[in-house]
Amino acid sequence: MNRSTLFAALLACACVQAADDWNLAYDREGIRVYLRGVTGSPYQQFRGVSTMQASVRTLTDLQENLRVACKWLYACEQMRLLEVAGDSTWVYLTTDLPWPTLPRDIILKVTSERLDDGTLVRHLSAEPNKLPEQPGLIRVQHLSGEWVMKPLGERTTEVTYQLQADPAGDVPGWLANRFVVDAPVVTLRTLRAVAERQP
């Protein structure tokens with residue numbers, strides 16, 4: 001399936017909730033994907049986990065270089081920086097979704113937090129009113145998630161990518177079901193391949 005920035009991004013800290021809340025949906029290639037229902041939403045949230053032979057610094061650089069990030073983030077059509085203020089960054093994303101679904105755009109707020117053990121947590125949320133809506137694009141109104149990059153060694157990092165989003169508008173059930181598995185698998189697989197090539 002085509003790459004799409006829809007819920008991406010690069011991406012409500014449910015990681016601390018009990019593991020048995022989650023159902024394992026994928027476990028191959030060194031990537032595990034867990035799914036869980038969300039109260040009041042027809043869309044599941046996902047959590048993807050993978051260990052990468054790359055430092056937190058390398059992974060941070062690959063996230064902050066938006067031109068590069070759009071290439072490894074699942075389904076990213078376009079990504080550009082809007083604003084930086086302290087530990088928060090706002091990014092504008094557009095998607096390229098399979099026909100017959102219309103493309104979306106997202107204004108993503110990313111707030112970074114460094115933990116005492118060197119773990120970097122990036123909290124994700126949608127801020128749909130930060131820019132006027134664009135013709136021909138459906139604005140994503142609700143999105144929450146996080147990236148967690150936990151160092152296991154000098155060049156070994158456990159990466160967790162978790163996201164829950166309401167894409168707004170009409171999304172076929174088959175696409176929504178594919179997205180919650182394809183998005184973390186493709187994103188983590190591609191990020192790992194890029195990160196492990198870095199010096």
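To the nearest 20 Debye, how big is the dipole of the chain about its Cα centre, given +1 on the beta carbon of each Lys and Arg and -1 on that of each Asp and Glu?
Values: 21 positive and 23 negative charges, 88 e Å.
Value, rounded to 20: 420 debye.
What label, among (i) 8, 31, 30, 16, 11, 4, 0; (ii) 7, 29, 33, 20, 9, 2, 0; (iii) 9, 39, 38, 12, 1, belongs to P(r) over Cα pairs in 10 Å bins from 0, in percent computed from the structure on display? Here the calculated entry is (iii).
In straight-distance terms, cross-link reach from Lys130 covers every one of the aspartates and glutamates whose alpha-carbon lies under 19 Å from its own, apart from those fewer than eight places away in the same chain; here that gives Glu83, Asp87, Asp105, Asp166. Between Gln141 and Thr60, the contour length at 0.36 nm per residue exceeds the Cα-Cα span by 26.5 nm.
Report, in deg cm²/dmol and to the nearest 500, the calculated mean residue ellipticity at 222 nm for the chain, where each DSSP H run with n ≥ 4 adds -39500 (n - 2.57) and the sum is divided by the residue count. Working shown, then result.
Numbers: 3 runs with 39 residues, N = 199.
Rounded to the nearest 500, it is -6000 deg cm²/dmol.
Counting only heavy atoms of the protein chains and using a 1.4 Å probe, Asp170 has close to 140 Å² of accessible surface. Extending 7 Å from the Cα toward the beta-carbon at both Asp27 and Leu82 defines two label points whose distance is 3.9 nm.
Between the amide H of Arg104 and those of Thr95, Leu97, Ile138, distances stay under 5 Å, these residues lying 5 or more places away or on another chain, with hydrogens modeled in the peptide plane.
Protein heavy-atom surface of region 121-199, 1.4 angstrom probe: 50% of the accessible area is carbon and sulfur, with nucleic acids and ligands not counted. What the phi angles of region 144-158 give under the Karplus curve with 6.51, -1.76 and 1.60, with θ = phi - 60°, is a coupling list of 8, x, 6, 10, 10, 10, 9, x, 10, x, 4, 10, 9, 9, 8 Hz, glycine and proline written as x.
The values are calculated or read from the model by the stated rules, or taken from the named source; none is laboratory data. No experiment lies behind these values; they were computed from the predicted model shown. Every residue, glycine as well, gets a Cβ built from its backbone with ideal geometry; the counts of neighbours run over all protein chains shown. Ligands, DNA and RNA are excluded from the accessible area calculation, which covers all protein heavy atoms including side chains. Shrake-Rupley method; radii C 1.70, N 1.55, O 1.52, S 1.80 Å.
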